[in-house]
1. Would you calculate, for the chain, the mean residue ellipticity at 222 nm contributed by helices, counting each DSSP H stretch of 4 or more residues as -39,500 (n - 2.57) and dividing by all residues, to the nearest 500?
2. Got a number for the accessible area of Ser34? Probe 1.4 Å, square angstrom, nearest 10.
3. May I ask which residue of Ala16, Leu325, Thr367 lies farthest towards the positive end of the charge dipole of the chain, with charges of +1 (Lys, Arg) and -1 (Asp, Glu) on Cβ and the Cα centre as origin?
4. Ordered by residue, what ³J(HN,Hα) values in Hz, to whole numbers, does region 366-380 give under the Karplus form 6.51 cos²θ - 1.76 cosθ + 1.60, where θ = phi - 60° and Gly and Pro are x?
5. Mind ranking Lys100, Lys374 by accessible surface for me, highest first, 1.4 Å probe?
6. Once the whole set of protein chains is in place, how much accessible area is left on Glu304, using a 1.4 Å probe, in Å² to the nearest 10?
7. In percent, what relative contact order does the chain have, based on Cα pairs under 8 Å that are 6 or more apart in sequence?
8. If you rank Arg38, Arg296, Arg461, Arg289 by how much accessible surface each has, with a 1.4 Å probe, what is the order from largest down?
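The values are calculated or read from the model by the stated rules, or taken from the named source; none is laboratory data. Remember, it's a predicted structure, so these values are computed and weren't measured experimentally. Ideal geometry is used to build each Cβ from the backbone, glycine not excepted, and the neighbour counts take in all protein chains shown. Only protein heavy atoms, including side chains, enter the accessible area calculation; ligands, DNA and RNA are left aside. Shrake-Rupley method; radii C 1.70, N 1.55, O 1.52, S 1.80 Å.
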Amino acid sequence: MTTLDSPAAATTTEAAEVLVPRLRAAYTSGRTRSLEWRHEQLAALKRMLVEREAEFTAALVEDLGRPPFEAWAADLRASVREIEDLQEHLEAWTAPRKQKVAALFKPAKASVVVEPLGVALVIGPWNYPVQLLACPLAAALAAGNAVVLKPSEVAAATSRAFATWVPQYLDPAAVAVVEGGVPETTALLEQRFDHVFYTGNGTVGRIVAQAAAKHLTPVTLELGGKSPVIVAKDANLKLAASRVAFSRFLNAGQTCVASDHVYVHRDVEQAFLDALAAEIRKRYGSDPRTSADFGRMVNRRHTERVKALLDGGGHDVVVGGEVDLDARYVAPTVVRTSDLDAPLMREEIFGPVLPVLTFDDLTEVCTTIAAGDKPLALYLFTGSDAVVQQMLATTSSGGVCVNDALTHLLVSTLPFGGVGESGYGSYHGRWGIETFSHHKAVYRRPSWHRDLPLLNPPYGRFKQRAARRMF
(Lines give C-alpha, C1' and ligand atoms only; values in the text may rest on other atoms or scores of the structure.)
Protein backbone atom coordinates (compact mmCIF):
# COMPACT_ATOMS: atom_id res chain seq x y z
CA MET A 1 0.00 0.00 0.00
CA THR A 2 0.98 3.61 -0.47
CA THR A 3 2.08 6.18 2.07
CA LEU A 4 0.31 9.46 2.72
CA ASP A 5 2.69 11.44 0.55
CA SER A 6 2.33 9.14 -2.47
CA PRO A 7 0.35 10.20 -5.58
CA ALA A 8 -2.37 7.63 -4.82
CA ALA A 9 -2.90 8.85 -1.26
CA ALA A 10 -2.90 12.47 -2.42
CA THR A 11 -5.68 11.64 -4.85
CA THR A 12 -7.84 10.14 -2.14
CA THR A 13 -7.41 13.07 0.24
CA GLU A 14 -7.77 15.94 -2.25
CA ALA A 15 -10.74 18.13 -1.30
CA ALA A 16 -13.76 17.72 -3.55
CA GLU A 17 -13.96 21.46 -4.24
CA VAL A 18 -10.41 21.28 -5.61
CA LEU A 19 -10.55 17.87 -7.25
CA VAL A 20 -13.62 18.35 -9.43
CA PRO A 21 -12.51 21.69 -10.97
CA ARG A 22 -9.10 20.14 -11.62
CA LEU A 23 -10.66 17.27 -13.58
CA ARG A 24 -12.99 19.67 -15.33
CA ALA A 25 -10.02 21.69 -16.50
CA ALA A 26 -8.54 18.53 -17.99
CA TYR A 27 -11.79 17.77 -19.76
CA THR A 28 -12.22 21.34 -21.01
CA SER A 29 -8.70 21.27 -22.46
CA GLY A 30 -9.87 18.53 -24.84
CA ARG A 31 -7.54 15.97 -23.26
CA THR A 32 -10.18 13.23 -22.98
CA ARG A 33 -11.94 13.65 -26.32
CA SER A 34 -9.58 11.91 -28.72
CA LEU A 35 -10.16 8.27 -29.59
CA GLU A 36 -6.46 7.70 -28.96
CA TRP A 37 -6.81 8.81 -25.31
CA ARG A 38 -9.92 6.69 -24.84
CA HIS A 39 -8.21 3.60 -26.23
CA GLU A 40 -5.19 4.26 -24.04
CA GLN A 41 -7.33 4.48 -20.91
CA LEU A 42 -9.34 1.36 -21.72
CA ALA A 43 -6.13 -0.57 -22.38
CA ALA A 44 -4.63 0.71 -19.13
CA LEU A 45 -7.73 -0.21 -17.14
CA LYS A 46 -7.67 -3.73 -18.59
CA ARG A 47 -3.94 -4.00 -17.86
CA MET A 48 -4.54 -2.92 -14.26
CA LEU A 49 -7.15 -5.62 -13.69
CA VAL A 50 -4.98 -8.29 -15.31
CA GLU A 51 -1.62 -7.35 -13.82
CA ARG A 52 -3.05 -6.66 -10.36
CA GLU A 53 -5.40 -9.63 -10.37
CA ALA A 54 -3.77 -11.11 -7.25
CA GLU A 55 -4.13 -7.86 -5.29
CA PHE A 56 -7.76 -7.33 -6.27
CA THR A 57 -8.62 -10.98 -5.61
CA ALA A 58 -7.05 -10.79 -2.15
CA ALA A 59 -9.07 -7.64 -1.45
CA LEU A 60 -12.31 -9.35 -2.51
CA VAL A 61 -11.52 -12.34 -0.31
CA GLU A 62 -10.83 -10.02 2.63
CA ASP A 63 -13.96 -7.91 2.11
CA LEU A 64 -16.49 -10.61 1.23
CA GLY A 65 -14.93 -13.96 1.99
CA ARG A 66 -15.30 -14.69 -1.71
CA PRO A 67 -13.89 -17.91 -3.18
CA PRO A 68 -10.94 -16.72 -5.28
CA PHE A 69 -12.30 -18.23 -8.49
CA GLU A 70 -15.69 -16.60 -7.94
CA ALA A 71 -13.95 -13.27 -7.30
CA TRP A 72 -12.02 -13.63 -10.56
CA ALA A 73 -15.01 -14.73 -12.65
CA ALA A 74 -17.69 -12.41 -11.31
CA ASP A 75 -15.65 -9.27 -10.70
CA LEU A 76 -12.36 -9.30 -12.60
CA ARG A 77 -13.06 -11.31 -15.73
CA ALA A 78 -16.54 -9.80 -16.14
CA SER A 79 -14.95 -6.34 -16.06
CA VAL A 80 -12.27 -7.27 -18.59
CA ARG A 81 -14.91 -8.67 -20.96
CA GLU A 82 -16.77 -5.38 -20.79
CA ILE A 83 -13.60 -3.41 -21.52
CA GLU A 84 -12.72 -5.65 -24.47
CA ASP A 85 -16.17 -5.13 -25.96
CA LEU A 86 -15.80 -1.36 -25.69
CA GLN A 87 -12.33 -1.50 -27.25
CA GLU A 88 -13.57 -3.52 -30.21
CA HIS A 89 -16.51 -1.26 -31.05
CA LEU A 90 -15.34 2.15 -29.83
CA GLU A 91 -15.04 3.81 -33.25
CA ALA A 92 -18.40 2.53 -34.46
CA TRP A 93 -20.28 3.39 -31.28
CA THR A 94 -18.93 6.94 -31.04
CA ALA A 95 -19.02 7.88 -34.75
CA PRO A 96 -21.40 10.60 -36.00
CA ARG A 97 -24.69 9.10 -37.16
CA LYS A 98 -26.15 10.35 -40.43
CA GLN A 99 -29.85 11.15 -40.39
CA LYS A 100 -32.38 11.52 -43.17
CA VAL A 101 -33.44 15.02 -44.27
CA ALA A 102 -36.85 15.81 -45.75
CA ALA A 103 -36.86 16.92 -49.39
CA LEU A 104 -37.92 20.42 -48.34
CA PHE A 105 -34.57 21.00 -46.58
CA LYS A 106 -32.20 19.38 -49.09
CA PRO A 107 -29.34 19.74 -49.93
CA ALA A 108 -28.86 20.24 -46.18
CA LYS A 109 -27.47 17.31 -44.17
CA ALA A 110 -28.27 16.12 -40.67
CA SER A 111 -26.34 14.02 -38.18
CA VAL A 112 -26.15 13.13 -34.52
CA VAL A 113 -22.77 13.70 -32.89
CA VAL A 114 -22.02 11.54 -29.86
CA GLU A 115 -20.02 13.73 -27.50
CA PRO A 116 -18.85 13.25 -23.90
CA LEU A 117 -20.83 14.88 -21.12
CA GLY A 118 -17.86 16.19 -19.15
CA VAL A 119 -16.96 15.07 -15.62
CA ALA A 120 -18.75 11.97 -14.32
CA LEU A 121 -19.06 10.69 -10.77
CA VAL A 122 -19.28 6.90 -10.36
CA ILE A 123 -20.35 5.68 -6.90
CA GLY A 124 -19.81 1.95 -6.49
CA PRO A 125 -21.39 -0.61 -4.14
CA TRP A 126 -19.75 -3.14 -1.85
CA ASN A 127 -21.22 -6.40 -3.14
CA TYR A 128 -19.32 -6.53 -6.46
CA PRO A 129 -16.88 -3.76 -5.66
CA VAL A 130 -14.62 -4.28 -8.68
CA GLN A 131 -17.10 -5.04 -11.46
CA LEU A 132 -19.67 -2.42 -10.49
CA LEU A 133 -17.03 0.30 -10.35
CA ALA A 134 -14.82 -0.77 -13.26
CA CYS A 135 -17.61 -1.33 -15.80
CA PRO A 136 -19.25 2.11 -15.52
CA LEU A 137 -15.76 3.61 -15.35
CA ALA A 138 -14.91 1.89 -18.65
CA ALA A 139 -18.10 3.20 -20.24
CA ALA A 140 -17.42 6.76 -19.04
CA LEU A 141 -13.85 6.65 -20.35
CA ALA A 142 -14.95 5.18 -23.68
CA ALA A 143 -17.39 8.08 -24.01
CA GLY A 144 -14.52 10.54 -23.42
CA ASN A 145 -15.26 11.81 -19.92
CA ALA A 146 -13.12 12.68 -16.95
CA VAL A 147 -14.18 10.51 -13.99
CA VAL A 148 -14.25 10.60 -10.21
CA LEU A 149 -14.53 7.15 -8.63
CA LYS A 150 -16.05 6.66 -5.18
CA PRO A 151 -15.62 3.03 -4.05
CA SER A 152 -17.72 1.73 -1.19
CA GLU A 153 -16.14 2.12 2.22
CA VAL A 154 -17.86 -1.12 3.29
CA ALA A 155 -15.53 -3.06 0.97
CA ALA A 156 -12.51 -1.27 2.45
CA ALA A 157 -9.76 -3.47 1.03
CA THR A 158 -11.10 -3.21 -2.52
CA SER A 159 -11.54 0.54 -2.11
CA ARG A 160 -7.91 0.85 -1.09
CA ALA A 161 -6.82 -1.27 -4.03
CA PHE A 162 -8.54 1.12 -6.44
CA ALA A 163 -7.00 4.12 -4.68
CA THR A 164 -3.58 2.50 -4.96
CA TRP A 165 -3.59 1.32 -8.55
CA VAL A 166 -5.86 3.68 -10.51
CA PRO A 167 -3.45 6.66 -10.29
CA GLN A 168 -0.60 4.39 -11.39
CA TYR A 169 -2.38 3.07 -14.48
CA LEU A 170 -4.90 5.69 -15.59
CA ASP A 171 -4.43 9.36 -16.49
CA PRO A 172 -4.26 11.15 -13.10
CA ALA A 173 -5.22 14.45 -14.72
CA ALA A 174 -8.62 13.06 -15.71
CA VAL A 175 -9.34 10.11 -13.39
CA ALA A 176 -9.34 10.21 -9.58
CA VAL A 177 -10.39 8.00 -6.68
CA VAL A 178 -11.98 9.37 -3.52
CA GLU A 179 -12.16 7.04 -0.54
CA GLY A 180 -14.26 7.50 2.57
CA GLY A 181 -17.79 7.23 3.84
CA VAL A 182 -20.84 9.45 4.07
CA PRO A 183 -18.98 12.76 4.65
CA GLU A 184 -16.76 12.27 1.59
CA THR A 185 -19.66 11.20 -0.60
CA THR A 186 -21.73 14.15 0.61
CA ALA A 187 -18.88 16.55 -0.20
CA LEU A 188 -18.63 15.09 -3.71
CA LEU A 189 -22.37 15.41 -4.31
CA GLU A 190 -22.19 19.09 -3.45
CA GLN A 191 -20.05 19.60 -6.56
CA ARG A 192 -21.42 20.02 -10.06
CA PHE A 193 -20.96 16.93 -12.19
CA ASP A 194 -22.21 16.26 -15.70
CA HIS A 195 -23.44 12.77 -14.84
CA VAL A 196 -23.75 10.76 -11.64
CA PHE A 197 -23.83 6.97 -11.80
CA TYR A 198 -24.87 5.26 -8.57
CA THR A 199 -25.22 1.57 -7.78
CA GLY A 200 -26.75 0.65 -4.44
CA ASN A 201 -30.04 0.82 -2.56
CA GLY A 202 -33.09 2.99 -3.09
CA THR A 203 -32.71 4.98 0.13
CA VAL A 204 -29.29 6.31 -0.83
CA GLY A 205 -30.37 6.50 -4.47
CA ARG A 206 -32.97 9.09 -3.54
CA ILE A 207 -30.36 11.14 -1.69
CA VAL A 208 -28.06 10.99 -4.72
CA ALA A 209 -30.86 12.04 -7.08
CA GLN A 210 -31.88 14.95 -4.86
CA ALA A 211 -28.31 16.20 -4.61
CA ALA A 212 -27.81 15.95 -8.38
CA ALA A 213 -31.08 17.77 -9.04
CA LYS A 214 -29.63 20.94 -7.49
CA HIS A 215 -27.25 21.13 -10.44
CA LEU A 216 -29.71 19.63 -12.99
CA THR A 217 -27.26 16.74 -13.32
CA PRO A 218 -28.57 13.59 -15.00
CA VAL A 219 -28.37 10.44 -12.89
CA THR A 220 -28.26 6.72 -13.52
CA LEU A 221 -29.56 4.69 -10.58
CA GLU A 222 -28.77 0.98 -10.56
CA LEU A 223 -30.77 -0.27 -7.59
CA GLY A 224 -32.28 -3.65 -6.77
CA GLY A 225 -35.47 -5.03 -5.33
CA LYS A 226 -37.13 -8.40 -4.93
CA SER A 227 -36.50 -10.20 -8.23
CA PRO A 228 -39.04 -13.05 -8.45
CA VAL A 229 -38.77 -16.47 -10.05
CA ILE A 230 -41.73 -18.30 -11.59
CA VAL A 231 -41.44 -22.08 -11.99
CA ALA A 232 -44.32 -23.24 -14.18
CA LYS A 233 -45.86 -26.70 -14.07
CA ASP A 234 -44.06 -27.74 -17.26
CA ALA A 235 -40.65 -26.40 -16.22
CA ASN A 236 -37.44 -28.38 -16.42
CA LEU A 237 -37.08 -28.66 -12.65
CA LYS A 238 -33.46 -29.76 -12.62
CA LEU A 239 -32.51 -26.77 -14.78
CA ALA A 240 -34.64 -24.43 -12.70
CA ALA A 241 -33.11 -25.64 -9.44
CA SER A 242 -29.58 -25.32 -10.83
CA ARG A 243 -30.01 -21.77 -12.15
CA VAL A 244 -31.93 -20.57 -9.09
CA ALA A 245 -29.26 -21.99 -6.79
CA PHE A 246 -26.55 -20.27 -8.84
CA SER A 247 -28.22 -16.87 -8.80
CA ARG A 248 -29.35 -17.02 -5.16
CA PHE A 249 -26.20 -18.32 -3.48
CA LEU A 250 -23.52 -16.67 -5.63
CA ASN A 251 -21.64 -14.20 -3.41
CA ALA A 252 -23.67 -15.51 -0.45
CA GLY A 253 -26.81 -14.03 -1.98
CA GLN A 254 -25.44 -10.47 -2.05
CA THR A 255 -26.35 -9.84 -5.68
CA CYS A 256 -28.80 -7.20 -6.90
CA VAL A 257 -30.28 -9.56 -9.53
CA ALA A 258 -30.33 -12.65 -7.30
CA SER A 259 -33.43 -14.82 -7.28
CA ASP A 260 -35.15 -13.24 -4.29
CA HIS A 261 -38.11 -15.62 -4.02
CA VAL A 262 -39.76 -18.37 -6.05
CA TYR A 263 -43.35 -18.96 -7.11
CA VAL A 264 -43.60 -22.65 -8.00
CA HIS A 265 -46.69 -24.43 -9.30
CA ARG A 266 -48.27 -26.44 -6.51
CA ASP A 267 -48.13 -29.70 -8.48
CA VAL A 268 -44.33 -29.60 -8.72
CA GLU A 269 -43.45 -27.84 -5.46
CA GLN A 270 -42.01 -30.86 -3.65
CA ALA A 271 -40.08 -32.04 -6.69
CA PHE A 272 -38.60 -28.56 -7.09
CA LEU A 273 -37.66 -28.35 -3.39
CA ASP A 274 -35.99 -31.77 -3.59
CA ALA A 275 -34.06 -30.70 -6.69
CA LEU A 276 -33.01 -27.46 -5.00
CA ALA A 277 -31.80 -29.29 -1.88
CA ALA A 278 -29.81 -31.66 -4.08
CA GLU A 279 -28.21 -28.72 -5.90
CA ILE A 280 -27.12 -27.12 -2.62
CA ARG A 281 -25.51 -30.38 -1.46
CA LYS A 282 -23.84 -30.82 -4.84
CA ARG A 283 -22.37 -27.32 -4.79
CA TYR A 284 -21.42 -26.87 -1.13
CA GLY A 285 -21.47 -30.34 0.45
CA SER A 286 -23.35 -31.48 3.52
CA ASP A 287 -21.85 -28.65 5.60
CA PRO A 288 -21.54 -25.46 3.50
CA ARG A 289 -19.71 -23.78 6.39
CA THR A 290 -16.64 -25.85 5.49
CA SER A 291 -16.94 -25.31 1.73
CA ALA A 292 -14.20 -23.29 0.06
CA ASP A 293 -16.73 -22.27 -2.58
CA PHE A 294 -19.31 -20.52 -0.39
CA GLY A 295 -18.82 -16.88 0.59
CA ARG A 296 -19.65 -14.86 3.68
CA MET A 297 -21.75 -11.82 4.49
CA VAL A 298 -19.85 -8.57 4.09
CA ASN A 299 -19.99 -7.66 7.82
CA ARG A 300 -21.67 -8.49 11.10
CA ARG A 301 -24.39 -5.86 10.66
CA HIS A 302 -25.64 -7.44 7.46
CA THR A 303 -25.41 -10.90 9.05
CA GLU A 304 -27.59 -9.67 11.90
CA ARG A 305 -30.03 -8.17 9.39
CA VAL A 306 -30.51 -11.49 7.59
CA LYS A 307 -30.77 -13.35 10.91
CA ALA A 308 -33.54 -10.95 11.98
CA LEU A 309 -35.45 -11.75 8.79
CA LEU A 310 -35.13 -15.48 9.50
CA ASP A 311 -36.15 -14.98 13.13
CA GLY A 312 -39.18 -12.95 12.06
CA GLY A 313 -41.19 -16.08 11.33
CA GLY A 314 -43.93 -16.71 8.81
CA HIS A 315 -42.07 -19.59 7.16
CA ASP A 316 -40.81 -23.17 7.58
CA VAL A 317 -37.13 -23.94 7.01
CA VAL A 318 -36.60 -26.64 4.40
CA VAL A 319 -32.82 -26.42 3.97
CA GLY A 320 -30.17 -24.67 6.08
CA GLY A 321 -31.12 -21.93 8.50
CA GLU A 322 -27.86 -21.84 10.48
CA VAL A 323 -26.30 -18.46 11.30
CA ASP A 324 -22.94 -17.65 12.91
CA LEU A 325 -22.69 -13.93 13.57
CA ASP A 326 -18.99 -13.93 14.48
CA ALA A 327 -18.07 -15.82 11.31
CA ARG A 328 -20.43 -13.70 9.16
CA TYR A 329 -21.93 -17.01 8.04
CA VAL A 330 -25.49 -17.63 6.88
CA ALA A 331 -26.06 -21.12 5.50
CA PRO A 332 -27.64 -21.57 2.06
CA THR A 333 -31.25 -21.59 3.21
CA VAL A 334 -34.57 -22.46 1.59
CA VAL A 335 -37.85 -21.76 3.36
CA ARG A 336 -41.44 -22.51 2.48
CA THR A 337 -43.96 -19.71 3.04
CA SER A 338 -47.39 -18.56 1.95
CA ASP A 339 -47.36 -15.21 3.74
CA LEU A 340 -46.63 -12.25 1.46
CA ASP A 341 -46.41 -10.06 4.57
CA ALA A 342 -43.74 -12.20 6.27
CA PRO A 343 -40.50 -10.31 7.05
CA LEU A 344 -38.62 -12.22 4.34
CA MET A 345 -41.18 -11.07 1.77
CA ARG A 346 -41.32 -7.40 2.74
CA GLU A 347 -37.80 -6.33 1.80
CA GLU A 348 -34.94 -7.36 -0.44
CA ILE A 349 -33.16 -10.20 1.37
CA PHE A 350 -29.63 -9.68 0.01
CA GLY A 351 -28.39 -12.86 1.63
CA PRO A 352 -28.41 -16.63 0.99
CA VAL A 353 -32.05 -17.19 1.96
CA LEU A 354 -34.70 -18.22 -0.58
CA PRO A 355 -38.44 -18.19 0.19
CA VAL A 356 -40.59 -20.54 -1.91
CA LEU A 357 -44.32 -19.98 -2.44
CA THR A 358 -46.83 -22.08 -4.38
CA PHE A 359 -49.40 -21.01 -6.97
CA ASP A 360 -52.21 -22.59 -8.94
CA ASP A 361 -52.96 -19.86 -11.48
CA LEU A 362 -50.22 -18.02 -13.36
CA THR A 363 -52.50 -15.02 -13.82
CA GLU A 364 -52.65 -14.52 -10.06
CA VAL A 365 -48.84 -14.60 -9.81
CA CYS A 366 -48.43 -12.06 -12.60
CA THR A 367 -51.05 -9.84 -10.96
CA THR A 368 -49.19 -10.02 -7.63
CA ILE A 369 -45.89 -9.13 -9.28
CA ALA A 370 -47.44 -6.28 -11.27
CA ALA A 371 -49.04 -4.85 -8.12
CA GLY A 372 -45.69 -4.50 -6.34
CA ASP A 373 -42.55 -2.52 -7.06
CA LYS A 374 -41.07 -3.26 -10.47
CA PRO A 375 -38.16 -5.65 -9.93
CA LEU A 376 -34.70 -5.38 -11.44
CA ALA A 377 -35.06 -8.87 -12.94
CA LEU A 378 -37.76 -11.48 -13.44
CA TYR A 379 -37.01 -15.15 -14.07
CA LEU A 380 -39.38 -17.65 -15.67
CA PHE A 381 -38.91 -21.40 -16.18
CA THR A 382 -41.29 -22.96 -18.69
CA GLY A 383 -41.41 -24.75 -22.02
CA SER A 384 -44.45 -22.82 -23.20
CA ASP A 385 -44.21 -19.79 -25.47
CA ALA A 386 -47.74 -18.84 -24.43
CA VAL A 387 -46.67 -18.67 -20.78
CA VAL A 388 -43.68 -16.53 -21.72
CA GLN A 389 -45.87 -14.12 -23.68
CA GLN A 390 -48.39 -13.90 -20.84
CA MET A 391 -45.66 -13.02 -18.35
CA LEU A 392 -44.06 -10.45 -20.68
CA ALA A 393 -47.41 -8.82 -21.43
CA THR A 394 -48.60 -8.53 -17.83
CA THR A 395 -45.49 -7.66 -15.82
CA SER A 396 -42.77 -5.00 -15.92
CA SER A 397 -39.17 -5.44 -14.83
CA GLY A 398 -35.70 -4.19 -15.63
CA GLY A 399 -34.85 -7.40 -17.46
CA VAL A 400 -36.14 -10.93 -18.02
CA CYS A 401 -34.50 -14.35 -18.24
CA VAL A 402 -36.43 -17.35 -19.54
CA ASN A 403 -35.10 -20.74 -18.40
CA ASP A 404 -32.08 -19.02 -16.87
CA ALA A 405 -31.26 -16.54 -14.14
CA LEU A 406 -28.81 -13.65 -13.92
CA THR A 407 -27.12 -14.42 -17.27
CA HIS A 408 -28.86 -11.60 -19.15
CA LEU A 409 -26.55 -9.05 -17.54
CA LEU A 410 -23.55 -10.77 -19.17
CA VAL A 411 -24.90 -10.19 -22.69
CA SER A 412 -23.29 -6.92 -23.76
CA THR A 413 -25.82 -6.28 -26.54
CA LEU A 414 -28.58 -5.99 -23.93
CA PRO A 415 -29.08 -2.91 -21.76
CA PHE A 416 -28.82 -3.59 -18.05
CA GLY A 417 -30.84 -1.40 -15.72
CA GLY A 418 -33.97 -1.08 -13.67
CA VAL A 419 -37.38 0.51 -13.90
CA GLY A 420 -39.36 2.28 -11.21
CA GLU A 421 -38.12 1.34 -7.73
CA SER A 422 -35.34 -0.79 -9.21
CA GLY A 423 -33.74 2.29 -10.78
CA TYR A 424 -33.47 4.05 -14.11
CA GLY A 425 -30.93 4.34 -16.87
CA SER A 426 -28.85 1.48 -18.26
CA TYR A 427 -25.37 0.47 -19.32
CA HIS A 428 -23.20 -2.42 -20.65
CA GLY A 429 -21.68 -2.35 -24.12
CA ARG A 430 -23.02 0.38 -26.37
CA TRP A 431 -25.63 1.29 -23.77
CA GLY A 432 -22.86 2.44 -21.42
CA ILE A 433 -21.45 4.85 -23.98
CA GLU A 434 -24.98 6.14 -24.62
CA THR A 435 -25.43 6.79 -20.90
CA PHE A 436 -22.26 8.87 -20.57
CA SER A 437 -22.74 10.81 -23.82
CA HIS A 438 -24.78 13.70 -25.15
CA HIS A 439 -26.40 13.15 -28.54
CA LYS A 440 -26.00 16.47 -30.27
CA ALA A 441 -28.22 17.27 -33.26
CA VAL A 442 -26.25 18.84 -36.12
CA TYR A 443 -27.95 20.40 -39.19
CA ARG A 444 -25.71 21.71 -41.99
CA ARG A 445 -26.86 23.69 -44.99
CA PRO A 446 -24.32 24.65 -47.67
CA SER A 447 -23.41 28.35 -47.71
CA TRP A 448 -24.44 28.69 -51.34
CA HIS A 449 -27.96 27.41 -50.68
CA ARG A 450 -30.51 30.23 -50.89
CA ASP A 451 -32.99 30.98 -48.17
CA LEU A 452 -36.57 29.68 -48.13
CA PRO A 453 -38.64 32.83 -48.75
CA LEU A 454 -41.90 31.04 -48.01
CA LEU A 455 -40.91 30.89 -44.35
CA ASN A 456 -40.15 34.59 -44.01
CA PRO A 457 -42.66 37.38 -43.37
CA PRO A 458 -44.59 39.20 -44.61
CA TYR A 459 -47.01 36.29 -45.00
CA GLY A 460 -49.22 37.22 -47.94
CA ARG A 461 -52.01 35.04 -49.27
CA PHE A 462 -49.80 33.62 -52.00
CA LYS A 463 -47.07 32.59 -49.54
CA GLN A 464 -49.56 30.97 -47.20
CA ARG A 465 -51.18 28.96 -49.98
CA ALA A 466 -47.84 27.87 -51.40
CA ALA A 467 -46.47 26.95 -47.97
CA ARG A 468 -49.55 24.88 -47.11
CA ARG A 469 -49.21 22.96 -50.38
CA MET A 470 -45.48 22.43 -49.88
CA PHE A 471 -45.75 21.25 -46.29
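1. Numbers: 18 runs with 197 residues, N = 471.
Calculated from helices alone, the mean residue ellipticity at 222 nm is -12500 deg cm²/dmol.
2. 50
3. About the Cα centre, the residue reaching furthest to the positive side is Ala16.
4. Working through the residues one at a time gives 4, 5, 4, 5, 5, 7, x, 5, 5, x, 5, 9, 9, 10, 10 Hz.
5. Numbers: Lys100 200, Lys374 90 Å².
Heavy-atom accessible area, descending, gives Lys100, Lys374.
6. Solvent-accessible area, nearest 10 Å²: 80 Å².
7. Values: 938 pairs, mean separation 83.7, N = 471.
This gives 18 percent for the chain.
8. Values: Arg38 15, Arg296 45, Arg461 170, Arg289 95 Å².
Ranked from most to least accessible, the order is Arg461, Arg289, Arg296, Arg38.
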